[in-house]
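A.B. asks: Please find one structure pasted underneath; my questions will follow.
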Amino acid sequence: MNFLQKKCLPVESRIRWAGLDVSDFECITTYENSRYCKPNPESYNEILYKMNLQSKECLMVRNDVAEDMTARAVGINVFLLTDCLINKEHEDINQYPRGSYEQLLNYIENLK
């Protein structure tokens, strides 16, 4: 099941630029198929509902403090990538698990 219901060529193009295929994903959120968007925590609840998942089954990994770390508000574990950190509001990031891609791999290993 794929939640990219309508053709959304810009999203499909970005996925292909990354060397991936739309079929690699079960859920791809777009403005066309979503009622909310980041940083609204309801955007994460909507994805959890569509995917029939519990928040504790998920990990949000991204680099934008304001846009991405709000996943924590609905109980999703987060990891803040600091390699290309975006922190426009200069928020204290000490509250988040964080680090490089290598540190992310170690973090994931320790979750098991």
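A.B. asks: For every other residue with a beta carbon closer than 14 angstrom to the beta carbon of ASP64, add +1 if it is Lys or Arg and -1 if Asp or Glu, then tell me the sum. Mind dumping the intermediate values first?
C.D. replies: Working: positive: LYS38, ARG62, ARG72, LYS88, ARG98; negative: GLU67, ASP68, ASP83, GLU89, GLU91.
Here the charged neighbours net out to 0.
A.B. asks: Further, regarding this structure: When the helices in the chain are scored as -39500 (n - 2.57) per DSSP H run of 4 or longer and the sum is shared across all residues, what 222 nm value do you end up with, to the nearest 500 deg cm²/dmol? Intermediate results must be reported in sequence, preceding the final value.
C.D. replies: Details: 4 runs with 35 residues, N = 112.
Counting only the DSSP helices, I get -8500 deg cm²/dmol.
A.B. asks: Would you look at the GNM of the chain, springs on alpha carbons closer than 10 Å, and say which of LEU20, LEU59, LEU85 moves the most?
C.D. replies: It is LEU20.
A.B. asks: Of the candidates GLY99, GLY75, GLY19, which one comes out as most mobile in a Gaussian network treatment of the chain with C-alpha springs shorter than 10 Å?
C.D. replies: Highest fluctuation of the listed residues: GLY19.
A.B. asks: Moving on. When a/c is below 1.5 the answer is rounded, else prolate if a/b is larger than b/c, else oblate, so apply that to the stretch 55-111 with a ≥ b ≥ c taken from the square roots of the Cα gyration tensor eigenvalues. Could the numbers behind the result be given before it?
C.D. replies: Values: a/c = 2.13, a/b = 1.16, b/c = 1.83.
Taking the square roots of the gyration eigenvalues as a ≥ b ≥ c, the stretch 55-111 is oblate.
A.B. asks: Counting Lys and Arg as +1 and Asp and Glu as -1, each charge on the Cβ, what is the dipole of the chain about the Cα centre in debye, to the nearest 20? Before the final figure, lay out each step's value.
C.D. replies: Values: 13 positive and 17 negative charges, 55 e Å.
Result for the chain is approximately 260 debye, rounded to the nearest 20.
A.B. asks: Number of Lys pairs in the chain with C-alpha atoms less than 17 angstrom apart, excluding same-chain neighbours closer than eight positions? Walk me through the numbers on the way to the answer.
C.D. replies: Details: LYS6/LYS50; LYS38/LYS50; LYS38/LYS88; LYS56/LYS112.
Lysine pairs meeting the criterion: 4.
A.B. asks: If you don't mind, another one. Taking +1 at the Cβ of each Lys and Arg and -1 at the Cβ of each Asp and Glu, which of ASN87, LEU104, LEU20 sits farthest along the dipole of the chain towards its positive end, judged by Cα position relative to the Cα centre?
C.D. replies: Working it through, the farthest residue towards the positive pole turns out to be LEU20.
A.B. asks: What whole number of Å gives the distance from the Cα centroid of the stretch 12-49 to the Cα centroid of the stretch 61-112?
C.D. replies: The distance from the Cα centre of the stretch 61-112 to that of the stretch 12-49 comes to 19 Å.
A.B. asks: Given labels modelled 7 Å from the Cα in the Cβ direction, how far is it in nm from VAL74 to MET51?
C.D. replies: 1.0 nm
Since every read-out is calculated from the coordinates, none of them should be taken as a lab result. Values in this document were obtained by computation on a predicted structure and should not be read as measured data. Every residue, glycine as well, gets a Cβ built from its backbone with ideal geometry; the counts of neighbours run over all protein chains shown.
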